[in-house]
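Engineer: My structure is below; once you've seen it, I'll send some questions.
A short reminder: the numbers here are calculations on the coordinates, not readings from a lab. All values derive from a computational prediction rather than experimental measurement. Every residue, glycine among them, receives a Cβ derived from its backbone with ideal geometry; neighbour counts consider all protein chains shown.
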Amino acid sequence: MALLAIPNQILWSYAVGGLVLALWLVSTFLREGRPKVRGLEVLVLLGPVFYAAPLAAFGTEHFTLNDIITSMVPTWMPWPRFWAYVIGACFIAAAFALVTRIRARLAASLLALTFFCFVVLMDIPGWLQDPRDRFGLTLALRELAFSGGALALATTLPGWRNERRRELLTTIARYFVAVPVVVYGIQQLMHGDHVPGVPLKKLMPEYVLGHAVWTYLAGVIFLVAGSLLLVGRKRRAAATWLGATVLWLVLVVYVPIAVMQRASFEGPNYFADTLMFCGALLLLAGAMPREAARQVAPMGSPQPGV
């Protein structure tokens, strides 16, 4: 009965996103066997699929909701319907590339460029029409974070010949993600009645347990971890904890919203949007170097050089 209450357009998005998830599971275990990681490092492995599955779902909407997507294309661009279809097809193809590792570096690089173009050509001009509109800024920073996540993934894939260029792009990706995180942290502390993670217009529903607690808690974590990313301290740990925080928000806030609003486009879109933001954070974590563990010699043991 729940499935019957979901419109076909939303079912198609779930189906394509689910197919991406299935391919990721198969390709990951066939390629690597059982991953040998512990603790929060397990989450870093989930970054590609958390990013790719929502991306495929959004790409599907370019076909099932073409009229709505076409209306978002800037008026100065010719053939808006054509571009809506092309971008949708590219999103779906890129999602499959990310999880199968077939031309993954090219796909990730083009995704980073695409989302950056969205920021420059659509989101920032839209926000500048009313700079006091914090939601316009939120959307621009969200696309910037998506660009940073894809760019971070591209830097971790093989094929780089210029190490200095790769390190530069990794740093750019870190700032592309860190700046939105810090701004989102401030917004969440100032507007605790709104949903957390990506702080858009939706108010926190009454049926979500904890209500404003999650928004304020996320705001504190975003400010602390985002600041660490900005200054370049504990980068991998900060990005991983951010990813874990947003994943928790997806489970306790956005899964209930997606279930309760399954017959509308708003609930699934908020769920997919926040999951993709989580994926971008985990992709950044995967691109950050591991902290070198300090080895302390036991008392009484000979010291180096002695």
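Engineer: For K234, what residues show an amide H to amide H distance below 5 Å, using hydrogens built from the backbone and excluding near sequence neighbours?
Structural biologist: Here nothing satisfies the definition.
Engineer: Amide H of H194: which non-local residues (sequence gap of 5 or more, or other chain) have their own amide H closer than 5 Å, using H built in the peptide plane?
Structural biologist: Excluding prolines and chain starts, which carry no amide H, the hits are M204.
Engineer: Could I have the simple spin-label model distance between I68 and L128, label points 7 Å from Cα toward Cβ, reported in nm to one decimal?
Structural biologist: Label at I68, label at L128, 2.9 nm between them.
Engineer: Could you give each residue of the range 231-247 its phi-based ³J(HN,Hα) in whole Hz, using Karplus coefficients 6.51, -1.76, 1.60 with θ = phi - 60°, and x for Gly or Pro?
Structural biologist: Result, ordered by residue: 8, x, 10, 6, 5, 5, 5, 4, 5, 5, 5, 5, x, 5, 5, 5, 4 Hz.
Engineer: How much length is gained if the chain between E41 and E163 is pulled fully straight, taking 0.36 nm per residue apart and subtracting their Cα-Cα distance, in nm to one decimal? It would help to have the intermediate numbers written out before the result.
Structural biologist: Values: separation 122, 0.36 × 122 = 43.92 nm, distance 2.45 nm.
Stretched out fully, the E41 to E163 stretch lengthens by 41.5 nm.
Engineer: Let me ask another. Between 0 and 90 degrees, rounded to the nearest ten: what's the tilt of helix 163-190 against the longest Cα principal axis of the chain?
Structural biologist: The answer is roughly 60 degrees.
Engineer: Between beta-carbons, use under 15 Å as the cut-off and find the net charge around A287, counting Lys and Arg +1, Asp and Glu -1.
Structural biologist: Residues close to A287 contribute a combined charge of +4.
Engineer: Extension gain M190-Y216, at 0.36 nm per residue separation less the Cα-Cα distance, in nm? If you can, show how the numbers build up before the last one.
Structural biologist: Numbers: separation 26, 0.36 × 26 = 9.36 nm, distance 0.86 nm.
Gain on extension, M190 to Y216, equals 8.5 nm.
Engineer: Along the range 193-209, what does the Karplus equation 6.51 cos²θ - 1.76 cosθ + 1.60 (θ = phi - 60°) give for ³J(HN,Hα), rounded to whole Hz, x for Gly and Pro?
Structural biologist: 7, 9, 5, x, x, 9, x, 8, 6, 5, 7, 5, x, 5, 7, 7, 5
Engineer: Taking the Cβ of L55 as the center, what net charge do the other residues with Cβ under 12 Å away carry, scoring Lys and Arg +1 and Asp and Glu -1? Kindly include the intermediate steps, with their values, before the conclusion.
Structural biologist: On the way: positive: none; negative: E61, D273.
Its environment carries a net charge of -2.
Engineer: Kirkwood-based Rg over Rh for the range 7-287 (C-alpha set), two decimals? Present the calculation step by step, with values, prior to reporting the outcome.
Structural biologist: Values: Rg = 17.8 Å, Rh = 18.9 Å.
Ratio of gyration radius to Kirkwood radius: 0.94.
Engineer: Compare the peptides 273-280, 161-168, 15-22, 246-253 by average per-residue count of other Cβ atoms within 10 angstrom and give them in order, highest first. It would help to have the intermediate numbers written out before the result.
Structural biologist: Numbers: 273-280: 26.6, 161-168: 10.2, 15-22: 18.2, 246-253: 20.1.
Per-residue mean Cβ counts within 10 Å order the peptides as 273-280, 246-253, 15-22, 161-168.
Engineer: What number, in percent, do you get for the relative contact order of the chain if the mean sequence gap of Cα pairs under 8 Å and at least 6 apart is divided by its residue count? Kindly include the intermediate steps, with their values, before the conclusion.
Structural biologist: Details: 450 pairs, mean separation 62.7, N = 306.
Taking the mean separation of contacting Cα pairs over the length of the chain, I get 20 percent.
Engineer: Does a label point 7 Å from the Cα of W83, set along Cα-to-beta-carbon, have any residues of the range 126-145 with amide nitrogen under 20 Å, and which are they?
Structural biologist: The answer is 126-130, 136-137, 139-145, whose backbone nitrogens lie closer than 20 Å to the label point.
Engineer: When the helix-only estimate is applied to the chain (DSSP H runs of n ≥ 4, each -39,500 (n - 2.57), divided by the residue count), what is the mean residue ellipticity at 222 nm, nearest 500 deg cm²/dmol? Don't jump to the answer; show the numbers that get you there.
Structural biologist: Numbers: 13 runs with 208 residues, N = 306.
Value at 222 nm, helices only, nearest 500: -22500 deg cm²/dmol.
Engineer: At R0 = 45 Å, how high is the FRET efficiency between L203 and T171 if r is their beta carbon distance? Nearest 0.05 is fine. Don't skip to the end; give the middle numbers.
Structural biologist: Working: r = 37 Å, r/R0 = 0.82.
About 0.75, to the nearest 0.05.
Engineer: Per-residue HN-Hα couplings for the range 154-161, Karplus 6.51 cos²θ - 1.76 cosθ + 1.60 at θ = phi - 60°, whole Hz, x for Gly and Pro?
Structural biologist: 4, 6, 8, 8, x, x, 7, 9
Engineer: Give, as a single signed number, the net charge of other residues whose beta carbon lies under 15 Å from the beta carbon of I10, with Lys and Arg counted +1 and Asp and Glu -1. Write out the running numbers ahead of the final one.
Structural biologist: On the way: positive: R262; negative: E61, E266, D273.
Around I10, the charge tally is -2.
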